[in-house]
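Below is one structure; the comments refer to it alone.
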Amino acid sequence: MSVKVKNVSKYYGQQAALNNVSFEVNAGEVVGLLGPNGAGKSTMMKIITCFIPPSKGDVEVCGYDIYEQSLNVRQKVGYLPENNPLYYDMYIKEYLYFIAQIHNIGKKNINNKIKEIIDITGLNSEINKKIGFLSKGYKQRVGLAQSMIHNPDVLILDEPTVGLDPNQITDIRSLIRKIGKEKTVILSTHIMQEVEAVCDRAIIIDKGHIVADDTTENLSQLTDANFIIKIEFENEVDISFFKMIKGILKINNEKNKIYTLVCDKKHDIRAEIFKMSVQKGYTILSLQKEEQSLEKVFQNLTSKN
Ligand code: ADP
Ligand code: MG
């Protein structure tokens, strides 16, 4: 097990940014921590990387305890913080040299190490520039390079593609996929497609709670298996009438007279709803079928107050 988070809560004053969060990440997995802004993603990452302590709960990284063995944890993790803080006045090599020294990489290895990481992150073409003069995509590569220079087993990447243009996003995603073949990666994002493109698994977090934790494949299948029917009736209806129809998984009554039905894809129940409504004397004002995308599942899981 690479990362083990157990019953972690974090309070900022009265506010619970994380509320009894537990999950585990196996060695070699690439996991997306997915959630809207303010969900608690960065807070979770700061705790795993020993930047801040939790208010409650335990975290282990590669078997090391964040309270008792934080130095070992920090040797095992590489961290790309939110907004990628860098020293803009430094040249790329100069900066990586500085970071390598902080990690106590010996004089003998340091130049080889820097060269290796520059190759991996594709920084060669821009190597003579100051960091401040790099495009955002290349700054992000420098951020990734610093996070990996000490060859950590676990990489924690906080919104690694935010603010990049579509080409840069594709580049950074494929770089992360490449890195993910050899390391455990936890990346945060509020973009569903990013998780689909890069991760094996998604942990969906909302308001400090985990609301889903599954492989991206299973999450997509879940959505493929279902579709949503929205019905508006003219008058109040007796909800038990829906329960007689086969294939309905869930009934939400969002507003008066408006119902959302989550249905099994095997049963197209629209005709049946019409027939039964006529029998019961209910008038349907509208009935729509919505295909449920992964994006929708994310919205459904994270938008309810
Ligand atoms: P995310 O990264 O998912 O956007 P954060 O972990 O940054 O979420 O924040 C979770 C919640 O905690 C937010 O409501 C945020 O305002 C609050 N928060 C984060 N850091 C602090 C802090 N240092 N002091 C007070 N509140 C904070
Ligand atoms: Mg954040």
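The values are calculated or read from the model by the stated rules, or taken from the named source; none is laboratory data. Remember, predicted model here, so these are calculated numbers, not experimental data. Using ideal geometry, Cβ is built from the backbone for each residue, glycine included, and neighbour counts are taken over all protein chains shown. The accessibility values were calculated without ligands, DNA or RNA, using every heavy atom of the protein model including side chains. Shrake-Rupley method; radii C 1.70, N 1.55, O 1.52, S 1.80 Å.
The table below gives the values:
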{"quantity": "Scan of the range 281-305 for residues that are assigned to a loop (DSSP other than H, G, I, E, B) and modelled with pLDDT of 65 or more, ordered by number", "calculated": "281, 282, 283, 303"}
{"quantity": "2 or more residues among the acidic types (Asp, Glu) and either open to solvent by 70 Å² or more (accessible area, probe 1.4 Å) or within 16 Å of ligand 1 (Cβ to nearest atom) (or both): qualifying helices (runs of 4 or more DSSP H) within the range 1-104", "calculated": "none"}
{"quantity": "Pair list, Cβ under 6 Å, 6 or more apart: the range 1-17 residue under 14 Å from residue 73 (Cα atoms), other residue among the charged types (D, E, K, R) and in a strand (DSSP E or B)", "calculated": "1/24; 4/24; 4/60"}
{"quantity": "Test: residue 228 is within 16 Å of ligand 1 (Cβ to nearest atom), part of a strand (DSSP E or B) and not hydroxyl-bearing (Ser, Thr, Tyr)", "calculated": "no"}
{"quantity": "Helices (runs of 4 or more DSSP H) contained entirely in the range 112-224, each with at least 3 residues that are assigned by TED's automatic domain parsing to the domain that holds residue 29 and basic (Lys, Arg)", "calculated": "136-148, 166-180"}
{"quantity": "Single residue of 132, 163 found to be surrounded by fewer than 19 Cβ atoms within 10 Å (Cβ to Cβ), on the phi > 0 side of the Ramachandran plot and in contact with a helix residue (DSSP H, G or I) (Cβ under 9 Å, 6 or more places away or on another chain)", "calculated": "163"}
